[in-house]
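Everything below concerns the one structure shown next.
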Amino acid sequence: MVALLLLAACGQRPSEILEVNMDDVNIGEFQISSVTMNEIIQNIASPIEVAALINSLNIPFSTSYLADPENLSTSTNSFEMAYNLGVLSADLGYLNMYEKTGTAVNYLSGINRLADALQIGQFFDIATIIQLATTSSDLDSLMFITINSFNNMEDYLRETDRSNLSALMIAGVWMESLFLATQVAVQNSNEDLKSMIGEQKLILNDLLLILNDHKNEEVINGYINDLEIIKSIYDDVKITYVVDEPQTIEKDGMLMIIQSEASNVMMSDQTLQKIIEVTEQLRNMHMNIKS
């Protein structure tokens, strides 16, 4: 179920190398075809994956990692609202994974206000979602309906020529998810968590490709510059892949060959510390929080 519950993405596939068809590129005005854009967006890490890993490590829940939904719902700039919508969606994934449905209601209300302001609230059935959050123990249904709503909102933004806001929404998801992971890493030394943080190097490259499609817009260029700071630190992270022997399995009376591979993330503790510090600084700056 977790593999299907994605927000603004359909899962992280770090082993897949995406190539931009140069026929889709206009020299002097970089544009990405819709097909390539969809593939890139599908490759952005889901906050559910981050929250699921944190939860699986038996790391206690903490509200100190989360943004304040009241502060983020008062933005008047559409760019900030789109970015903050992504931030709150990442936090909501964390809350749902820990089954903090009562606390999640405040985040749902903040998300609803931002979605309405961006004229995409029609894809967010706040009444049904809050009812599920407060009266139902069916966590899978709650996560499915909320994340499906976000997917529809992100699709609609792109379909209505507001892909710039869609890109910022995805950037907010990614930054807040990285912040959650790095803040947990401060208190908990774990190789799986460290590897996930290191693998974000690949995701960051895809995210910058999306944002650079709108680099002529001053506000978005500011976000690009900030992410480039993180990228410069990730340059010291090395990722290699080992392809395992293919396995033959039987499914539904048919033989299937499964090819698998394992990634090896090489990242020093010093580089991890730099990523933690810069991520916190930039994340808090965009939300006007003093570190």
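A few comments on the model shown:
- Sites residue 64 and residue 212, calculated FRET efficiency, Cβ-Cβ separation with R0 35 Å, nearest 0.05: 0.55
- The range 70-87 - phi-based ³J(HN,Hα) in whole Hz, Karplus 6.51/-1.76/1.60, Gly and Pro as x: 5, 5, 6, 8, 9, 5, 10, 8, 4, 5, 5, 5, 5, 4, 5, 4, x, 4
- Net dipole in debye of the range 152-291 [+1 Lys, Arg Cβ; -1 Asp, Glu Cβ; about Cα centre; nearest 20]: 440 debye
- Couplings for the range 106-121, taken from phi via the Karplus curve 6.51 cos²θ - 1.76 cosθ + 1.60 with θ = phi - 60°, read 4, 6, 4, 5, x, 5, 4, 5, 5, 5, 5, 5, 8, 6, 10, x Hz in order; Gly and Pro are left as x.
- Overall form of the range 69-218 per C-alpha gyration tensor (a/c, 1.5; a/b vs b/c): oblate
- ³J(HN,Hα), Karplus 6.51/-1.76/1.60, whole Hz, each residue of the range 175-182, x for Gly, Pro: 5, 5, 5, 5, 4, 4, 5, 6
- Cα centroid separation - the range 213-284 against the range 64-130, whole Å: 26 Å
Every number here is computed from the coordinates shown, using simple stated rules; none is lab data. Because the structure is a prediction, the values reported are computed rather than measured. All Cβ positions, even for glycine, are placed from backbone atoms using ideal geometry, and neighbour counts span all protein chains on display.
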